[in-house]
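Here is the structure we will look at, set down as structure tokens.
Every read-out reported here was derived from the displayed coordinates using simple, explicitly stated rules and does not represent laboratory data. Computed from a predicted structure; not experimentally measured. Using ideal geometry, Cβ is built from the backbone for each residue, glycine included, and neighbour counts are taken over all protein chains shown.
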Amino acid sequence: MDRSLQSAFAAIVGEPHVITAPADMAPYTRDWRRQYGAQAEAVLRPASTAEVAALVALCARERIAIVPQGGNTGLCGGSVPTGAQREVVLSMSRLNRIRGVDALNDALTAEAGCVLADVQKAAEDAGRLFALSLAAEGSCQVGGTLSTNAGGVNVLRYGNAREQVLGLEVVLPDGRIWDGLRALRKDNTGYDLKQLFVGAEGTLGVITAAVLKLHPRPTAQATAWIGLADPARAVALLARLHAGLGERISAFELVSRPCLEAVLAHDPAARDPLPRPHAWYVLAEFADAGPQEALGARVAEALGAAVEIEDAVLAASVAQARALWKLRETIPEAQFANVKHDVSVPVSMVPELIRRVGDALQAAFPGAPLYAFGHIGDGNVHYNVGDAGLLARRAQVNAIVFDAVQALGGSISAEHGLGQLKRAEIRDHKSALELGLMRSLKQTLDPQGLMNPGKVL
């Protein structure tokens, strides 16, 4: 990068926040799984929306592509450079202020660089709940979770990231600032523009702040680890518990025995919650207003009456509940290097997906370990295959999984986005009309193609 351009960037954000040394840029230019990355001309670290707008306008004039980046915790290579053209990484980590909390309106305004756990804490301090919860919540940021439309464990009750947003502030590809920070539940005045940017992975603009939806904080919680024979019984149990407990079910996670065994081998402190192994497990979370004892008794009664259950344990303390959740949250780390999938089908089709994909994969790759787990309450299955040795045959593995997903009316990306990983694959799984509409939006908002190029489309 020439000195005049570097000086222009420094004039906007300050010289310490224009990073150009390759060693210093390394954490920003490669994804955390070390699957994607390329060199950038610089990493820019603005501290305000005005600075973001000035940087974007300058890059537009110089025809330099921008890669917006939050916590860089994504799994699809969406937050790192591709190396196909001149690029800068726009790190949002210094835009990390909670601008305000309106407890009476159940709303919180946060900048894009706020870490998700800090937003949860700000809501808690106000006696409210921000329901979005992910394994990476200690490092992922608001802008990244919104730009990928993240899901997490509470989608069953509260919805994914898209449903947690009331308003957005966005810097457009030409540097203009759209102020859509409205804390309204009802605003029927035309197109819902904020939803264009949620899930767009930074390809249409840079989210700089958001008004987020809060909820009353539950006063009682119960956590259960449940052993079952197969996924079909898990789906039947979900329906039974929904009928008996309604919206008190906030999370319903499916875990296969191989996933649990991987965690037990990975973490010496982990313990099998049940006295004997089961083929499948459900980790269920329940929440309600009122006394803890009342919810616990109601959940225990519902589980005791469920014929689908082979065995179950209810956490007797907060520490025990955290230990159960740690088992679930450690699964990705425990089988880190393999071919990963983030797919969704209608909830009723989850057992058929798992069976169909498992049979096909075992036929194609005999003996390959299969790790199926995920958010069965919303039909989102993480179907991870093999070990590092199978990465070279990723395309063949993907074809088996994605063909089954499509046949069952599903999606090849449930919550992680497309990024670079599925950019080519999506062409076979969306209609020409859908892709054409997406390209039209991209061309209208970003005619130079400078916003996160090489991702999504």
Spatial separation of Cα centroids for the range 77-116 and the range 131-160, in angstrom: 13
Calculated log₁₀ intensity ratio I(q)/I(0) where the Debye formula runs over C-alpha points of the range 3-91, q = 0.16, 0.26 Å⁻¹: -0.57, -1.41
Under 5 Å, built H, 5+ apart or other chain: amide partners of Leu166: Val211, Leu212, Lys213
Relative contact order for the chain, counting Cα pairs under 8 Å that sit 6 or more residues apart, in percent: 16
Total formal charge among the other residues, if their Cβ is under 11 angstrom from that of Ser344, Lys/Arg +1 and Asp/Glu -1: -3
log₁₀ of I(q)/I(0) at q = 0.13, 0.16, 0.17 Å⁻¹ - the range 102-242, Debye sum with one point per alpha carbon: -0.62, -0.86, -0.94
Over the range 98-216, relative contact order from alpha-carbon pairs under 8 Å, at least 6 apart, %: 33
The range 308-379 and the range 413-457: distance between their alpha carbon centers, rounded to Å: 28
Cβ-based charge dipole, the chain, positive-most Cα from Ser7, Ser48, Ala269: Ser7
Debye, to nearest 20: dipole size of the chain, +1 on Lys, Arg Cβ, -1 on Asp, Glu Cβ: 560
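Which pairs break 25 Å Cα to Cα here: Lys121/Lys442; Lys213/Lys422; Lys340/Lys430; Lys121/Lys326?
Too far apart for the 25 Å limit: Lys121/Lys442; Lys213/Lys422.
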Ser139-Asp102 FRET efficiency (beta carbon distance; Förster radius 22 Å; 0.05 resolution): 0.25
Ordering of 184-197, 131-144 by packing [mean C-beta count within 10 Å, highest first]: 131-144, 184-197
³J(HN,Hα), Karplus 6.51/-1.76/1.60, whole Hz, each residue of the range 198-206, x for Gly, Pro: 6, x, 8, 6, x, 8, 10, x, 10
Integer Hz, Karplus 6.51/-1.76/1.60 couplings in order for the range 399-409, x for Gly and Pro: 4, 5, 5, 5, 5, 5, 4, 5, 4, 9, x
In sequence order, calculated HN-Hα J values of the range 317-322 (Karplus, 6.51, -1.76, 1.60; Hz; x Gly/Pro): 7, 4, 4, 5, 5, 5
Percent breakdown of C-alpha pair distances by 5 Å bin, ordered from the shortest bin, for the range 335-422: 3, 15, 29, 28, 18, 7, 1
Principal axis dimensions, the range 96-185 - Cα atoms, whole angstrom, descending: 36, 28, 23
Computed FRET value (nearest 0.05) for Ala239 with Met1, which takes r as the C-beta separation and R₀ as 45 Å: 0.20
Rounded tilt (10° steps) of 49-62 against the dominant C-alpha axis of the chain: 60
Protection proxy ranking of 261-268, 115-122 - average other beta-carbon atoms within 10 Å, highest first: 115-122, 261-268
Cβ-defined net charge surrounding Arg427, 12 Å radius [Lys, Arg +1; Asp, Glu -1]: +1
